[in-house]
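Structure first, commentary second.
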Amino acid sequence: MQRRAFFKLVGAAAAVAAVPAFSACSAVSTPSAEGTGVLGQPAVSFSASVDVLILGSGVAGLSAAMDPAEAGLSVMVAEKLDVLGGESYESNAVMDVVGSKVQKDAGITESCDDVWPSRRETLRAAGVTDLDFAKRLFYAAPEWVDRMRDSYGAQFDDPATYTANEANRRRVLPKNGIGDTESIMMPLRDKLSSKGVQFSTGYCASAFILDEDNHVCGVRFVTGKEAPTVTDVHARAVVVATGGFASNQALVRDYLPAWQRVGCYTAASMGEGHKLCQALGAKLADMAVTPSLTSDLPPAAAWSMFAVTLVVDAQGNRFASEDYMRTLAATCFSEERGYFWTIFDGRISESGQSRSAAQITAKNASRVVGPCQTVEELAGNMGVSEDVLKKTWDRYSSMVSAGKDSDFGRLQFLDDLKPPYYALKQFPVRFRTRGGAVVDENGRLLDGAGKAIPGVYCCGAAAQGGGESLTTNGAFGIFTGKAVASDLGAA
Ligand SMILES: Cc1cc2nc3c(=O)[nH]c(=O)nc-3n(C[C@H](O)[C@H](O)[C@H](O)COP(=O)(O)OP(=O)(O)OC[C@H]3O[C@@H](n4cnc5c(N)ncnc54)[C@H](O)[C@@H]3O)c2cc1C
């Protein structure tokens, strides 16, 4: 479409050199060309031009597309993988939020003001530094849920079906419970499509393209699996929404060395956007904030939030509260307990989470033990000492009778399991990082001096302050999309 000699590529050398580490970006043939600014890269040749180019199709990227599309701007969402959705689509979709209409309609009246003080302390303890921005996202999260339901067709479960206690009232679930991201992400994709948003899969962003004034005017992608090549897309604004870096072993080694021995969950979170933004002069912040760990069968990690379970380590010992799987997985790793078992009974299959229970146990039959009628039989099948498991069981039962978990402070579903019993073996994995590119409160990418880099935005887990959850990353996307539409004069 357009071929000029003075375009520069930023990030290309790093991206190409790092291809082996970026699983989704294949190596590309690089005939030499003058004028690209990077030796060995093909000359820039735009094959498409859009107003807004969004890198990454997770919840942040798709939410960032809403306002620009509604304002009539042309929007392209480029996704490196063959499927849309990224980590967001792989998530459990247990969405922390208070004050959404979904909750209000179910008679839940808690507000952000009620909950923020405790949330702030949790985030502070986790090492999050920009608590003002975290607050902004937390207060905007219900607006994201409302907009998703009312304008984008997302389907949520009625909280009345799962609010067995106070803690659960601060969450919303998709229509079919844990892991049903289809009910959230697909209507969003379809609605954006109907508003003219174009989706391109197999497009791995590898460099920013700069014009003669050193302004970003597009992005170079590595495209095509069989015969990788480059595709250049011209854009007035670029939104980097490429997710976190939990799966990039090199970045984890550099920033989070204590967690480099844990496996990771998804191929989406390779930190490509972090590196691209850095190459453009942006700073990375909060990169050393403790990453989250979960189960390598993530939906099972959420069962304890909705039904009675008992979690024990490879020896049969209880070691943390079942309320918080992230704490469980993190403790399992940090205390070198190897793996852990979630022991459950038939109630998970009778609960609103039956779909996730059926899917996980069917797909991972070799990791499931049961049905067992006695604790002894269960211990034998799990391969743990009968004495140890029996002792754990009796201790837990005594605390159920007392109505208080004096060992680990479990608050939810402190109840005895009923035979037949089952157990599912799981391993801790990394799944969420918090560090990313430094942006302003509306996702505008900042340079090292704190000045906005014209035309470039970053949101979700790729940015500092993102990474927390679907609701806050969705809200982050909305702020960013609004800023893009406004900066392009379309709001
Ligand atoms: C197993 C698991 C369970 C989770 N459970 C929950 C939960 O229950 N509740 C909750 O709130 N949160 C949960 N999360 C966290 C939540 O999924 C993330 O906070 C959120 O998805 C981050 O959204 P994002 O849009 O920033 O990133 P992502 O959803 O990861 O999207 C980034 C996208 O960018 C693409 N991309 C990356 N690099 C490039 C490139 N170079 N070019 C083009 N595209 C690129 C990726 O492939 C991906 O599709 C879970 C996460 C995981 C992994």
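The values are calculated or read from the model by the stated rules, or taken from the named source; none is laboratory data. These figures come from a predicted structure and were not determined experimentally. Please note: Cβ atoms are built from the backbone with ideal geometry, for glycine as well, and neighbour counts cover all protein chains shown. Areas reflect the complete protein model, heavy atoms only, side chains present, ligands, DNA and RNA absent. Shrake-Rupley method; radii C 1.70, N 1.55, O 1.52, S 1.80 Å.
Things to note:
- Residue list for the range 172-214, restricted to those being within 11 Å of the ligand (Cβ to nearest atom) and in a helix (DSSP H, G or I): ILE184, MET185
- Candidates TYR162, TYR203: the one that is among the aromatic types (Phe, Trp, Tyr) and more than 26 Å from LYS482 (Cα to Cα) is TYR162.
- Residue that is farther than 26 Å from ALA491 by Cβ, at pLDDT 90 or above and among the charged types (D, E, K, R), where the choices are GLU79, GLU34, GLU90: GLU90
- Going through (1) without any contact (Cβ under 8 Å) to a residue 60 or more places away in the chain; (2) closer than 18 Å to THR242 by Cβ one by one, VAL219 falls short only on (1).
- Pairing each residue of the range 43-58 that is under 19 Å from VAL10 (Cβ atoms) with any residue that is open to solvent by less than 10 Å² (accessible area, probe 1.4 Å) and of a type in the set (Phe, Trp, Tyr), provided the two are 6+ apart or on different chains, yields C-beta distances under 7 Å for VAL44/PHE7.
- Qualifying residue in the range 455-466 (condition: modelled with pLDDT under 95 and in contact with a Cys (Cβ under 7 Å, 6 or more places away or on another chain)): yes
Listed here are the residues, each with its yes/no results for (1) within 11 Å of the ligand (Cβ to nearest atom); (2) surrounded by 23 or more Cβ atoms within 10 Å (Cβ to Cβ); (3) within 30 Å of GLU376 (Cβ to Cβ).
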{"site": "ASN248", "(1), (2), (3)": "yes, yes, no"}
{"site": "ASP254", "(1), (2), (3)": "no, no, no"}
{"site": "CYS264", "(1), (2), (3)": "yes, no, no"}
{"site": "GLY271", "(1), (2), (3)": "yes, yes, no"}
{"site": "LEU280", "(1), (2), (3)": "no, no, no"}
{"site": "ASP323", "(1), (2), (3)": "no, no, yes"}
{"site": "ARG326", "(1), (2), (3)": "yes, no, no"}
{"site": "CYS332", "(1), (2), (3)": "no, yes, yes"}
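- Entirely in the range 35-132, the helices (runs of 4 or more DSSP H) that have 3 or more residues that are within 19 Å of the chain's Cα centre (by Cα), within 15 Å of the ligand (Cβ to nearest atom) and not aliphatic (A, V, I, L, M): 86-90
- 3 or more residues open to solvent by less than 30 Å² (accessible area, probe 1.4 Å) and farther than 24 Å from ALA64 by Cα: qualifying strands (runs of 3 or more DSSP E) within the range 400-471: 421-426, 428-432
- Looking only at the range 288-307, residues that are in a loop (DSSP other than H, G, I, E, B), touching a helix residue (DSSP H, G or I) at 6+ places or on another chain (Cβ under 6 Å) and buried (at least 20 other Cβ atoms within 10 Å of the Cβ) come to 3 in all.
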